[in-house]
Amino acid sequence: MNIAEIQNAKQQFGIIGNDPELLRAIDTAIQVAKTDLSVLVSGESGVGKEFFPQIIHKNSVRKHAKYIAVNCGAIPEGTIDSELFGHVKGAFTGAVNERKGYFSEANGGTIFLDEVAELPMSTQARLLRVLENGEFIRVGSSEVEKTNVRIVCATNVDLPTAISEGRFREDLYYRLNTVPINVPPLRRRGEDVFLLFKKFCLDFAVKYNVPKLQLDESAKAAIMGYSWPGNIRQLKNVAEQLSILELDRSITGDVMSRYLPQKNESNLPMLSGQHSGKGRTFESEREILYNVLFDMRRDITELKQQLESMRAMHAEAQEHTPYYTEAHEVPVVQQHIAPAYDLRPQDVKRYEHLPNAEEYVEEALSLNDVEKKTILMALERNRGKRRNAAKELNISERTLYRKIKEYGIE
Ligand SMILES: Nc1ncnc2c1ncn2[C@@H]1O[C@H](COP(=O)(O)OP(=O)(O)O)[C@@H](O)[C@H]1O
Ligand SMILES: [Mg+2]
């Protein structure tokens, strides 16, 4: 094992942990990167499988070429062949133009096929052919094309079982699995659980601008003894929920265990206990409310980010600066993400209490200016009655109070 190389990869991708199995997996990725062998990354959901194809790409001679990540489970069966291999004009209804597939776009680079077990059998056959000799045929074409791509796959499904059930081709499995990388579940990583937790708490304290959480010994014991069925993804969620919801920053084992659903409970920590049959208690109602609050808060944060990026895009378009990625960045092509700022008419009327566009005469108001102005106007309309203004703005009185102080509104 080359410790320096592993350390380097961990730093580059923000991977936390010193568990020997994890380090071995990272080491294998680095070593195999220099070859063109296909790699299959296996592991439960949430263990961090997506780091590995990136480590491989960045440590390979292909690092300056394209890296395309495809989530096979997210593409409808009807279009997956066309997305991966392209199609010719008129290949099917709606194919008004020809289209390059990812395999041709990533020529010279790396393709990451996530959730590879979700591929339909017919697509599996096409994939096998690319793996064997780099050949593929666009949908609706008869012309054989060539591509040179490195393929890394990931799955949380036990492929031998899928093979025995006739859902996965055995020959494809052997071909993909030239080099297996197993990413261990969190419950086998010992002290890493605590390391990861501390790191996430710190991140969320910064993100939400709240004081950092402190775990006492019993809380630490609770997370160390928990089975983490959702692995690091779940741990991150729990850290986020605690950071937002627990006003008392020192966390005890009792508090912690409320966020850790047991086997027979729902996987949604905040809703656990809801179906316990004991009827609705104050406790469970409060948890449901917290859950709603938590979602709202996350939505707001996301909306803010989207607004920011829309503003950035707008500014960029005005400057006519071409968009390019730095050579050291991995150009990830993201698929199937609908433009988030697509407002539907039924959404728009929710903003009926917001001031008209004409009321914003000045151009280039900052987001903060807009917020301050909106609050001022709501207060004016409600003759200074904070309770009513908060209601109209759809925020809590406490948030309104904080904003009033923040903006120094009289
Ligand atoms: N060792 C780790 N250190 C830091 N973050 C991690 C680690 N492993 C996983 N994560 C984070 O956990 C989440 C789930 O990881 P992901 O790669 O999407 O899981 P998988 O693809 O295996 O389901 C991501 O937010 C990822 O950044
Ligand atoms: Mg994944």
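Considered as a group, the residues in segment 118-157 that are without any contact (Cβ under 8 Å) to a residue 60 or more places away in the chain and within 16 Å of ligand 2 (Cβ to nearest atom) include one that is surrounded by the most Cβ atoms within 10 Å (Cβ to Cβ), and that residue is L119.
Of all the numbered requirements in (1) within 16 Å of ligand 2 (Cβ to nearest atom); (2) of a type outside the set (D, E, K, R); (3) in a loop (DSSP other than H, G, I, E, B), I111 misses one, and that requirement is (3). Restricting segment 246-262 to residues that are open to solvent by less than 20 Å² (accessible area, probe 1.4 Å) and hydrophobic (A, V, I, L, M, F, W, C) leaves a set whose member that is farthest from ligand 2 (Cβ to nearest atom) is I251. Screening V88 with (1) in contact (Cβ under 8 Å) with a residue 12 or more places away in the chain; (2) over 18 Å from M1 (Cβ atoms); (3) within 25 Å of the chain's Cα centre (by Cα) gives one miss only, at (3).
If we keep just the residues of segment 23-50 that are part of a helix (DSSP H, G or I) and within 16 Å of ligand 2 (Cβ to nearest atom), which is farthest from I232 (Cα to Cα)? Can you show your working first?
First, pick out the residues of segment 23-50 that are part of a helix (DSSP H, G or I): 23-33.
Those left that are additionally within 16 Å of ligand 2 (Cβ to nearest atom): 25, 29.
Details: A25: 16, A29: 20 Å.
This residue is A29.
Go over the candidates L195, L172, L242 one by one and state the one that is assigned to a helix (DSSP H, G or I), open to solvent by less than 20 Å² (accessible area, probe 1.4 Å) and at pLDDT 95 or above.
Working: L195 fails: open to solvent by less than 20 Å² (accessible area, probe 1.4 Å); L242 fails: at pLDDT 95 or above.
Only one candidate passes the filter, namely L172.
Summed over segment 229-245, residues that are more than 16 Å from ligand 2 (Cβ to nearest atom) and not acidic (D, E) total 7. The residue of segment 41-59 that is nearest to V183 (Cα to Cα), among those that are away from ligand 1 (no atom under 13 Å from the Cβ) and open to solvent by less than 10 Å² (accessible area, probe 1.4 Å), is I56. Of everything listed in (1) open to solvent by less than 40 Å² (accessible area, probe 1.4 Å); (2) touching a helix residue (DSSP H, G or I) at 6+ places or on another chain (Cβ under 6 Å); (3) within 16 Å of ligand 1 (Cβ to nearest atom); (4) of a type outside the set (D, E), the single unmet condition for R189 is (2).
Take the residues in segment 158-169 that are surrounded by 15 or more Cβ atoms within 10 Å (Cβ to Cβ) and over 25 Å from the mean Cα position of the chain (by Cα); name whichever of them is nearest to L213 (Cα to Cα). Show your work before the answer.
Here is the first cut: in segment 158-169, the residues surrounded by 15 or more Cβ atoms within 10 Å (Cβ to Cβ) are 159, 162-163, 167-169.
This time we only want the ones that are over 25 Å from the mean Cα position of the chain (by Cα), so: 162-163, 167-169.
Values: A162: 43, I163: 46, R167: 46, F168: 45, R169: 48 Å.
It comes out as A162.
Being among the aromatic types (F, W, Y) and closer than 21 Å to K100 by Cβ narrows it down to one residue among F112, F200, F168; which is it? Outline the logic, then answer.
Numbers: F200 fails: closer than 21 Å to K100 by Cβ; F168 fails: closer than 21 Å to K100 by Cβ.
Unique residue meeting the criteria: F112.
Can we say S82 is out of contact with any Lys or Arg (no Cβ under 8 Å at 6 or more places or on another chain) and over 22 Å from F13 (Cβ atoms)? Criteria not met by S82. Applying the criterion of being in a loop (DSSP other than H, G, I, E, B) and open to solvent by less than 10 Å² (accessible area, probe 1.4 Å) to the residues of segment 98-108, the residue that is nearest to ligand 2 (Cβ to nearest atom) is A106. Figure legend. Inter-residue proximity from segment 158-185: first residues more than 24 Å from T35 (Cβ to Cβ), second residues open to solvent by 20 Å² or more (accessible area, probe 1.4 Å) and not in a helix (DSSP H, G or I), beta-carbon distance below 9 Å, spacing 6+ or different chains. Indicated pairs: D158/S42; T161/R167; I163/R169; R167/V157; F168/V157; P185/E44; P185/S227; P185/P229.
Looking only at segment 59-79, count how many residues are of a type outside the set (G, A, S), touching a residue at least 12 places away in the same chain (Cβ under 8 Å) and over 17 Å from A154 (Cα atoms). It would help to see each step written out before you state the result.
Of the residues in segment 59-79, the ones of a type outside the set (G, A, S) are 59, 61-64, 66-68, 70-72, 75-77, 79.
If we keep only those that are touching a residue at least 12 places away in the same chain (Cβ under 8 Å) as well, we get 59, 61-62, 64, 66-68, 70-72, 75, 77.
Now narrow it down to the ones that are over 17 Å from A154 (Cα atoms): 59, 61-62, 64, 66, 77.
Adding up the residues that qualify gives 6.
Quick check on segment 217-238. Is at least one of its residues touching a residue at least 24 places away in the same chain (Cβ under 8 Å), in contact with a helix residue (DSSP H, G or I) (Cβ under 6 Å, 6 or more places away or on another chain) and farther than 20 Å from G17 by Cβ? The answer is yes; a qualifying residue exists. Among the residues making up segment 11-28, those that are open to solvent by less than 50 Å² (accessible area, probe 1.4 Å) and either closer than 14 Å to R189 by Cβ or away from ligand 1 (no atom under 11 Å from the Cβ) (or both) are I15, I16, G17, D19, L22, L23, A25, I26, D27, T28. The set of residues from segment 197-252 being within 29 Å of E406 (Cβ to Cβ) and small (G, A, S) comprises A205, A239, S243, S250. Take the conditions closer than 23 Å to V47 by Cβ and modelled with pLDDT under 95 and apply them to T161. Does it pass? It is false that T161 is closer than 23 Å to V47 by Cβ and modelled with pLDDT under 95.
The values are calculated or read from the model by the stated rules, or taken from the named source; none is laboratory data. What you are looking at is a predicted structure, and each value in this text was computed from that prediction instead of being measured. As a convention, Cβ positions derive from the backbone with ideal geometry for all residues, glycine included, and neighbour counts pool all protein chains shown. For the accessible areas, the whole protein counts, side chains as well, though only heavy atoms, and no ligand, DNA or RNA atoms are used. Shrake-Rupley method; radii C 1.70, N 1.55, O 1.52, S 1.80 Å.
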